[in-house]
Amino acid sequence: MSITAQNVTKRFGAFTALDNVSVDCPAGELVALLGPSGSGKTTLLRVIAGLEVPDSGTVHFRDDDITSHSARDRNVGFVFQHYALFRHMTVFENVAFGLRVRKWPEPKIRERVKEMLHLVRLEEKAEQYPANLSGGQKQRIALVRALAPEPKVMLLDEPFGALDAKVRAELRDWLRRLHGELKHVTSIFVTHDQEEAFEVADRVVVLNKGKVEQYGTPITVFEHPKNEFVMDFLGNVNKLPVRVEGGRALLGETGTVELPAKLFGANENGRTDAYIRPHELDISRTAEGGNCLLGKIVHINPAGSVVKVRLLAEDFGLMINVDITPDRYRALALKQNETVFVTPKTARIFEPDYTI
Amino acid sequence: MALTPTDGPTRNSRRSDPLWVRVTLTSLALLAMTVLVVIPVISVFAEALADGLGAYWNNLTGDADTRHSVLLTLMVAPLAVLCNLVFGVAAAWAITRFQFRGRTLLVTLIDVPFSVSPIVAGLMFVLLFAGWGVFGPWLEANGLRVLFTVPGLVLVTTFVTLPFVARELIPVMEAIGPDEELAALSLGANGWQIFWRITLPNIKWGLLYGVILCNARAMGEFGAVYVVSGRIAGETCTMPLQVEVLFQDFNSPAAFALASVLTMLAVVTLLLKVWVEGRKKSSAVENTP
């Protein structure tokens, strides 16, 4: 079932949590609402769930306008960041709750709850109370409790936010597989972790200050960020001041290093910023193409799948982060305080009418 | 709950206080308790039973007005508690689950009965319901009376004990938070189902605790009831009022006998309170989600 939020605005007093937001989630997809805290992502999720009433705008499930429907009539599975398990009920009764209030016959309830507990491999915990479960187990129970009444829509509010890194990665994986198995369920989840969004979601909605900054598949959003905010929010980025002269982007006030960036008409002859991700820069010992800047190595962090090198470009007074492969790092035999050449492979300049 | 590291140092420092300090403080506390609480309570029973059990029983049951006062209190107090139960739950729910204009004002107003002297509370109701009062003429025109009647007693008792249930529930419901109720809502439960199956089980010990305190206060209420009841023997005299009537009539054996019943009710309440407190604590520890 597709979910459409149209021109949704929500204010809390003087604070505008959502400012004319429109989002469209195709049926069966897993969509991530990604943004920093205060961006309105949780509010949007709660508006879709019916836990929050928008000041204006509509929410549609398929073609039905459900804006005025109560949360209980939307048949939505909602998963809370802090689980919200019913503390005085056993795990079994927690999962059965949604079926009991919907008046399922008892044998069907037993069957469904067993099936759900089997899905998360927690059958042996059926008679335990939530207080006796670990964080990861609680969140899995919260997930199947929401799934038990067979909702067409699953909404997850920072579902893994309260868990430690390893459990988080496991559950992320599991959610991805589960969503694949559950045909016809459309899921939206909220996260502030871009890695999580990219790993799990079919589509990503980047939110900032109550507005949608970009909407697309993880690969488009990452490779073609629409503006400075998205570029900056999705991982590390070097922000370099440039001046535009005769259709060329030149680094610094007087420098002659040209950045390989696509320019917009409005950039003609002025000052702006160029954005380069750490892996889009290369380090070499010789000034191969000539179009490179000098940098003194300040710090090297070789622990990880990429080697992170931090350099000071003294000519420009800039700190630059570069990621290189461990192979390249060994071949170059880099050491601290050495001066090397840094070559930009690509760079991005955004349309200047965008203001943060 | 397991001892947290912060418990350690305070315990040790207490243990390291000089002996004379510990002995002096402990004896002072025990002395004060004995003089102010233990001796008076025992003397009530001693005085009541001075002429033997038979006389005691006779004092309690022989007089129709005394019998009536016991029954009246056992009727007025539960009714006032019931009113407070409904009001307290509704107020706590509204205050902890909704943001609305006047929320802070409501929180403050709930405490007014605690800060107003009961006698003033009684006078306030006289002002409202007397023939010349605000509602008096209207009530009279409709053949209704509040002053000097049982409904009037219930009304002032409810007023005086208003904060007990709400005050007890607000922090409990705030600590639990609205997430479980919202989860139930999204799972398809209606308002009643949410209240009976989710909210009530979570707050039941806090609620019971509030009810017990409220009941203790309601049974012992004197000042406000004194003003509103008109002290009609056999009609509007509750137990505390009857104790006073008997005492003024120089019938101290009967006064003390009735007082001992009130005291016993208080002791039972106290025991119940201790038991509920224990349950409240253990359920809070066991069931942290």
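The values are calculated or read from the model by the stated rules, or taken from the named source; none is laboratory data. Everything numeric here is computed off the predicted structure, so don't read it as measured data. Neighbour counts run over all protein chains shown; Cβ positions are idealised from the backbone, glycine included.
Things to note:
- Filter result for A:Val53 (farther than 30 Å from B:Trp205 by Cβ and among the aliphatic types (A, V, I, L, M)): yes
- Any hit, the range B:204-211, residues being within 14 Å of chain A (Cβ to nearest Cβ), among the hydrophobic types (A, V, I, L, M, F, W, C) and in contact (Cβ under 8 Å) with a residue 40 or more places away in the chain: yes
- Subset tally (residues that are of a type in the set (Val, Ile, Thr), farther than 16 Å from B:Val227 by Cα and not in a helix (DSSP H, G or I)) for the range B:103-139: 1
- A:Arg72 vs. criteria under 15 Å from A:Ala148 (Cα atoms), out of contact with any Asp or Glu (no Cβ under 9 Å at 6 or more places or on another chain) and in contact (Cβ under 8 Å) with a residue 24 or more places away in the chain: no
- Pick from the range A:6-62, criterion over 21 Å from the mean Cα position of the chain (by Cα) and on the phi > 0 side of the Ramachandran plot, ranking: modelled with the lowest pLDDT: A:Gly13
- Candidates B:Ile119, B:Ile95 - the one that is at pLDDT 90 or above, among the hydrophobic types (A, V, I, L, M, F, W, C) and more than 19 Å from the chain's Cα centre (by Cα): B:Ile95
- Hits in the range B:73-102 (condition: basic (Lys, Arg), assigned to a helix (DSSP H, G or I) and surrounded by fewer than 13 Cβ atoms within 10 Å (Cβ to Cβ)): none
- Residue among A:Leu143, A:Leu117 that is at pLDDT 90 or above, within 14 Å of chain B (Cβ to nearest Cβ) and either in contact with a Ser or Thr (Cβ under 9 Å, 6 or more places away or on another chain) or over 30 Å from A:Asp232 (Cα atoms) (or both): A:Leu143
- Criterion: in contact (Cβ under 8 Å) with a residue 60 or more places away in the chain, within 12 Å of chain B (Cβ to nearest Cβ) and surrounded by 16 or more Cβ atoms within 10 Å (Cβ to Cβ) - qualifying residue of A:Val31, A:Val79: A:Val79
- For A:Pro159: the one exception among (1) more than 9 Å from chain B (Cβ to nearest Cβ); (2) more than 29 Å from the chain's Cα centre (by Cα); (3) assigned to a loop (DSSP other than H, G, I, E, B): (2)
- Scope the range B:27-50; condition in contact (Cβ under 8 Å) with a residue 24 or more places away in the chain and in a helix (DSSP H, G or I); matching residues: B:Val41, B:Val44, B:Phe45, B:Glu47, B:Ala48
- Options A:Ser56, A:Ser70: the member that is polar (S, T, N, Q), out of contact with any strand residue (DSSP E or B) (no Cβ under 7 Å at 6 or more places or on another chain) and surrounded by fewer than 24 Cβ atoms within 10 Å (Cβ to Cβ): A:Ser70
- A:Arg102 being surrounded by fewer than 20 Cβ atoms within 10 Å (Cβ to Cβ) and within 9 Å of chain B (Cβ to nearest Cβ): yes
- Residue within the range A:223-234 that is farther than 27 Å from A:Glu196 by Cα, among the polar types (S, T, N, Q) and either touching a residue at least 40 places away in the same chain (Cβ under 8 Å) or in contact with a His (Cβ under 6 Å, 6 or more places away or on another chain) (or both) present: no
- Test: B:Phe222 is within 30 Å of B:Gly136 (Cβ to Cβ) and aromatic (Phe, Trp, Tyr): yes
- For the criterion of being touching a Cys at 6+ places or on another chain (Cβ under 9 Å), more than 26 Å from B:Ile194 (Cα to Cα) and more than 14 Å from chain B (Cβ to nearest Cβ), A:Val212 fails.
- Here B:Trp196 meets each of (1) within 14 Å of chain A (Cβ to nearest Cβ); (2) closer than 16 Å to B:Leu85 by Cα; (3) buried (at least 22 other Cβ atoms within 10 Å of the Cβ) with one exception, condition (3).
- The condition (being away from chain B (no Cβ under 14 Å), among the acidic types (Asp, Glu), surrounded by fewer than 22 Cβ atoms within 10 Å (Cβ to Cβ) and under 18 Å from A:Lys209 (Cα atoms)) is satisfied by just one residue among A:Asp63, A:Asp24, A:Asp19: A:Asp19.
- Residues of the range B:145-186 that are part of a loop (DSSP other than H, G, I, E, B) and within 14 Å of chain A (Cβ to nearest Cβ): B:Gly177, B:Pro178.
- Checking B:Ser115 against (1) over 21 Å from B:Cys237 (Cβ atoms); (2) in contact with a helix residue (DSSP H, G or I) (Cβ under 7 Å, 6 or more places away or on another chain), the condition it does not meet: (2)
- Within the range A:286-315, the set of residues being part of a loop (DSSP other than H, G, I, E, B) and either crowded, with 19+ Cβ neighbours inside 10 Å or among the aliphatic types (A, V, I, L, M) (or both) comprises A:Ala287, A:Cys292, A:Ala303, A:Val306.
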